[in-house]
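Visitor: One structure is given below, represented as structure tokens, and several questions about it will come after.
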Amino acid sequence: MIHVVVEGDSVPSIAYSAGLFPDTIWDHPQNSDLKTLRQDMNVLFPGDSVYVPDKQQRVETAATDKKHKFRRRGVPSRLRLQLFNVETPRAAETYQLTIDGATHQGTTDAKGVIELWVPPGAKTGSLTIGTDNAVILLKFGHMDPLGELAGVQKRLSNLGYCCGTNPGQMDDATRDALRSFQRRFELKESGELDAETKAHLSKFHDKSDLFDPDPWLTA
């Protein structure tokens, strides 16, 4: 079956709906071109085609007249957020995170990070954090690939650089956001998405290394 991606889809959410493991879909030979193009199973683009294979029957042999326990394997998704007040990590702050009706409570770590396992089919969430009760709305699976302008705009917005209200269009607001981002990291302020700017966006938004603002702060 071919699944045409819509906003909010990811390979884990598609696999969850189909009763498959994410790697079963992602590593299938018929998805090799998609895997090369997108590189991250969590970041697809509306209109992408994903081949979803049929489930394979598995037979287990067990003795009769005895009780047997069978464990259903699941593959939860890891949610990892790093939160800032401007450029100060929101460290050791209490939070309440509600995802698809389930509520999680905890405290951010020393770098303002929240990390927990969530259902792969989760679609939305609401995070309330700190003594100021700041509320952040979350949409899972809505991040677009960095190679798409909409993906660049969403990353800039997540990092605090507003790109206006024209997703997928290189307008004045997006150029201003790019220039602000470039100024912050001492890049050439071109307002264009050059290779160095794209690399910095990838490093500080997508990579597993946490962002430490101190080395980048200017006098």
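Let's see how each residue does on (1) modelled with pLDDT under 95; (2) in contact with a Phe, Trp or Tyr (Cβ under 7 Å, 6 or more places away or on another chain); (3) crowded, with 16+ Cβ neighbours inside 10 Å:
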| position | (1), (2), (3) |
| --- | --- |
| 127 | no, yes, yes |
| 141 | yes, no, yes |
| 147 | yes, no, no |
| 166 | yes, no, no |
| 173 | no, no, yes |
| 179 | no, no, yes |
| 182 | no, no, yes |
| 209 | yes, no, no |
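Visitor: Since residue 27 meets every condition but one in (1) under 21 Å from residue 75 (Cα atoms); (2) within 18 Å of the chain's Cα centre (by Cα), which condition does it not meet?
Guide: Answer for residue 27: the failing condition is (2).
Visitor: Filter segment 120-175 for residues that are touching a Cys at 6+ places or on another chain (Cβ under 6 Å) and among the polar types (S, T, N, Q); which is farthest from residue 9 (Cα to Cα)?
Guide: So the residue we want is 174.
Residue-by-condition table, conditions (1) touching a helix residue (DSSP H, G or I) at 6+ places or on another chain (Cβ under 6 Å); (2) over 30 Å from residue 113 (Cα atoms); (3) surrounded by fewer than 19 Cβ atoms within 10 Å (Cβ to Cβ); (4) modelled with pLDDT of 95 or more:
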{"position": "11", "(1), (2), (3), (4)": "yes, no, no, yes"}
{"position": "29", "(1), (2), (3), (4)": "no, yes, yes, yes"}
{"position": "49", "(1), (2), (3), (4)": "no, yes, yes, yes"}
{"position": "53", "(1), (2), (3), (4)": "no, yes, yes, yes"}
{"position": "56", "(1), (2), (3), (4)": "no, yes, yes, no"}
{"position": "84", "(1), (2), (3), (4)": "no, no, yes, no"}
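Visitor: A follow-up question, please. Residue check: is residue 118 closer than 30 Å to residue 168 by Cβ, modelled with pLDDT under 95 and among the hydrophobic types (A, V, I, L, M, F, W, C)?
Guide: So residue 118 passes the test.
Visitor: With respect to residue 112, determine if the residue is surrounded by 15 or more Cβ atoms within 10 Å (Cβ to Cβ), more than 27 Å from residue 19 (Cβ to Cβ) and small (Gly, Ala, Ser).
Guide: Answer is yes for this residue.
Visitor: In addition: Of these, 64, 98, 94, 36, which one is surrounded by fewer than 14 Cβ atoms within 10 Å (Cβ to Cβ) and within 20 Å of residue 115 (Cα to Cα)?
Guide: Answer to the selection: 94.
Visitor: Continuing with the same structure: Being part of a loop (DSSP other than H, G, I, E, B) and modelled with pLDDT of 90 or more is the filter here; which residues of segment 91-110 pass it?
Guide: Result: 91, 92, 93, 108, 109, 110.
Visitor: Moving on to the next point. Residue check: is residue 61 free of Cβ contacts under 8 Å to residues at least 40 places away in the same chain and assigned to a helix (DSSP H, G or I)?
Guide: It is false that residue 61 is free of Cβ contacts under 8 Å to residues at least 40 places away in the same chain and assigned to a helix (DSSP H, G or I).
Visitor: Does at least one position in segment 14-25 carry a residue that is surrounded by 10 or more Cβ atoms within 10 Å (Cβ to Cβ), in a loop (DSSP other than H, G, I, E, B) and either modelled with pLDDT of 95 or more or out of contact with any Gly (no Cβ under 6 Å at 6 or more places or on another chain) (or both)?
Guide: Looking through segment 14-25, at least one residue is surrounded by 10 or more Cβ atoms within 10 Å (Cβ to Cβ), in a loop (DSSP other than H, G, I, E, B) and either modelled with pLDDT of 95 or more or out of contact with any Gly (no Cβ under 6 Å at 6 or more places or on another chain) (or both).
Visitor: Now, a different point. Report yes if residue 154 is at pLDDT below 90 and not assigned by TED's automatic domain parsing to the domain that holds residue 47, otherwise no.
Guide: Taking the combined requirement at face value, the residue does not satisfy it.
Visitor: Exactly one of (1) closer than 30 Å to residue 170 by Cα; (2) in contact with a His (Cβ under 9 Å, 6 or more places away or on another chain) is unmet by residue 135. Its number?
Guide: Against the list (1) closer than 30 Å to residue 170 by Cα; (2) in contact with a His (Cβ under 9 Å, 6 or more places away or on another chain), residue 135 comes up short only on (2).
Visitor: Ok, one more. If you go through segment 58-82 one residue at a time, how many are under 30 Å from residue 206 (Cα atoms) and at pLDDT below 80?
Guide: Adding up the residues that qualify gives 3.
Visitor: Then there is this: Of the residues 98, 94, 36, only one is hydroxyl-bearing (Ser, Thr, Tyr), without any contact (Cβ under 8 Å) to a residue 40 or more places away in the chain and farther than 30 Å from residue 128 by Cβ; which?
Guide: Of the residues listed, the single one that is hydroxyl-bearing (Ser, Thr, Tyr), without any contact (Cβ under 8 Å) to a residue 40 or more places away in the chain and farther than 30 Å from residue 128 by Cβ is 36.
Visitor: Could I ask something else about it? Please find, within segment 184-207, the residue that is modelled with the lowest pLDDT out of those that are in a helix (DSSP H, G or I) and polar (S, T, N, Q).
Guide: Residue satisfying both the conditions and the ranking: 202.
The values are calculated or read from the model by the stated rules, or taken from the named source; none is laboratory data. Owing to the predicted nature of the structure, the values given are computational and were not obtained by experimental measurement. All Cβ positions, glycine included, derive from the backbone under ideal geometry; neighbour counts span all protein chains shown.
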